[in-house]
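Chemist: Take a look at this one; I'll ask things after.
Derivation of every value follows stated rules applied to the coordinates shown; laboratory data play no part. This is a predicted model, so every value here is computed, not measured. Positions of Cβ are generated from backbone atoms using ideal geometry, with glycine treated the same way; all protein chains shown enter the neighbour counts.
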Amino acid sequence: MTANVGFIGLGVMGRPMALNLIKGGYRLRTYGRRKETVDPLVAAGAAACGSPEEVARESDIVFTMVTTTQDVLEVVLGERGVLAGARPGSVAVDMGTISPAATRQIAARLAAAGVDALDAPVSGGGTGAKNGTLSIMVGGKPEVFDRVKPLFSCMGTNIVHVGPSGAGQVAKACNQIVMLTTLLGLAEAFTFAHRTGLDPERVYASLAGGAADCRIREVLGKRMVERNYAPGIEARLHYKDIQIALTEAHTLGMALPGTALVTQMFNALIGRGGGNQDSSQLWEVIDAIAAPRS
């Protein structure tokens, strides 16, 4: 409980995750680009820093939770980034969803400076972040994972070490493949029900408890049948995630036809202007391209 902890990236996910570390008793130093994201952490007892470098200089373990691969590269390896301030023996933990290949490159750069790295992307959305019930998939050295696991326990309940550097990002890509191909199946099912004269809400209820039941049906399926597209996680972020999976597959010369199809459907969703809405709006895309009623 004596570790000095840094947290960089205070958006929808990062802010409640950082607050849960404070609630867990950890001394927190933090950095965010916007004052309004930092203020709630300072009010809870965190110390605000002027750069990622300053956070790292004062921390034993630094977490980053930013959106894109390029964001992580800048925050960790850029001028006044984490690497510039990190001490040998400290740990840098990236909890965003980024490229596995870039993750391995970042880990190698950090290792050359004597800094350990973990990639620990999460699943569970804003609700899981607030409640401390995230699923956390971790790549890196087992002994470093063991060192950081008590801190992960403040933020999540399903915490799994899946392999070496980059493995956490691969596991997160697997999570997104399952989640978003399931979402596409729901969109097709509800379109089929609607076009054949059934009430999608009744079909939604009928799927509960059977082999088709799952959390995606429960949460995003409900949003679909209610046509409630207020964002839980914005579609543009899921689009970013599924592109990561598809790019990695292309690099490996691997065919993932379902993933490719979902990527195209999300491309259409973004093209329709739905990028800032919930991914459950995928139903509107499928409904728009479905055959008209006879």
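Chemist: Which entries of Lys149/Lys240; Lys130/Lys240; Lys149/Lys172; Lys23/Lys149; Lys35/Lys141; Lys141/Lys240 show an alpha-carbon separation above 25 angstrom in the structure shown?
Modeler: Pairs exceeding 25 Å: Lys149/Lys240; Lys35/Lys141; Lys141/Lys240.
Chemist: For helix 235-251, what angle does its Cα long axis make with the longest principal axis of the chain, in degrees from 0 to 90 and rounded to 10?
Modeler: Rounded to the nearest ten degrees, it is 80.
Chemist: Would you tally the net charge around Gly45, using a Cβ to Cβ cut-off of less than 10 Å, leaving Gly45 out, and scoring K and R as +1, D and E as -1?
Modeler: +2
Chemist: Just want the ordering: Ser135, Ser153, from fewest to most Cβ atoms lying within 10 Å of their own Cβ.
Modeler: Ser153, Ser135
Chemist: Nearest 20 debye, what's the magnitude of the dipole of the range 171-289 about its Cα centre given +1 on Lys and Arg Cβ and -1 on Asp and Glu Cβ?
Modeler: 100
Chemist: For the chain, what is the mean residue ellipticity at 222 nm derived from helices alone (per DSSP H run of n ≥ 4: -39500 (n - 2.57); sum divided by total residues; nearest 500 deg cm²/dmol)?
Modeler: Computed ellipticity for the chain at 222 nm equals -15500 deg cm²/dmol.
Chemist: For the charge dipole of the chain, defined by +1 on Lys and Arg C-beta atoms and -1 on Asp and Glu C-beta atoms about the Cα centroid, which residue among Pro231, Gly253, Ile286 has the Cα displaced farthest towards the positive pole?
Modeler: It is Pro231, whose Cα lies furthest towards the positive end.
Chemist: For a quick check, take a GNM of the chain with Cα springs below 10 Å and name the residue from Ile216, Ile244, Ile61 with the largest mean-square fluctuation.
Modeler: Comparing Ile216, Ile244, Ile61 in the GNM, the peak value goes to Ile216.
Chemist: Sticking with this one: By DSSP, what percent of the beta bridges with both residues in the chain are antiparallel, rounded to the nearest 5?
Modeler: The antiparallel proportion sits near 15 percent.
Chemist: Which distance in Å, rounded to a whole number, links the C-alpha centroids of the range 103-157 and the range 233-267?
Modeler: Distance between centres, Cα-based: 23 Å.
Chemist: At a 10 Å Cβ-Cβ cut-off, how would you order Phe192, Phe145, Phe266, Phe7, fewest neighbours first?
Modeler: Ranked by crowding around the Cβ, least crowded first: Phe192, Phe145, Phe266, Phe7.
Chemist: Please state, rounded to one decimal and in Å, the Kirkwood hydrodynamic radius that the range 1-160 gives when every pair of distinct Cα atoms enters the mean of 1/r.
Modeler: Result for the range 1-160 stands at 15.0 Å.
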